[in-house]
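For reference, the structure discussed in these notes is given below.
No lab work stands behind these numbers, since they all come straight from the coordinates. Remember, it's a predicted structure, so these values are computed and weren't measured experimentally. So basically every Cβ, Gly included, is an ideal-geometry build from the backbone, and we count neighbours across all protein chains shown.
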Amino acid sequence: MNYLMSAVDRVRSWTDEEYGANLGVFLDEQPMLFSWLIRLSEEFDDDVHEQLVRSAMVLREGFRGMGLAVGTISDACITDVTTEVVEAFEALENEVEVIDLEVIEKVARSPFVHTEVRSFLHQELRAGLPRGEADQHNLMLVVDILIGCFEESVEQPGASGQA
């Protein structure tokens, strides 16, 4: 079963009221991640930013569908994952002349998940993916950071504390 596609379908099926209720729960569960996403609102137009928030909720639903509990994503986790992802992208820039979306997906933390979230974004954005190469790269960086934060914060059975 493709848990991520099931999560996409679930998020798409929410009424405005259900979306608002789930957004409130997401804010309570992940205040630091939500705060980080809010700070990104200056970097992207409103439609892209809204879909980034929806993408985070798709990831939340996908991890839940797989039976994985995600602990509270900390600022330290966001910083660590951001550093790791940016360093990977910078190394990629030094290796290849042209960075397209397929090349980005090859170095993504989870290429399959990255491809699925990119597809979700492309379908949901009214104007499609951003036109500029730099804007697309920035969007894909954020997607990879979101995925990494969720992955790093999966609670391990028998472990205590938060990531």
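At R0 = 35 Å, how high is the FRET efficiency between Glu50 and Val96 if r is their beta carbon distance? Nearest 0.05 is fine. With a Förster radius of 35 Å, E is 0.65.
Counting Lys and Arg as +1 and Asp and Glu as -1 over every other residue whose Cβ lies under 12 Å from the Cβ of Leu4, the net charge comes to +1.
Could you work out the local net charge near Val70, counting Lys and Arg as +1, Asp and Glu as -1, over the other residues with Cβ closer than 12 Å to its Cβ?
Every neighbour counted, the sum reads -3.
The modelled label-to-label distance for the pair Arg39/Arg64, using points 7 Å beyond Cα in the direction of Cβ, is 2.6 nm.
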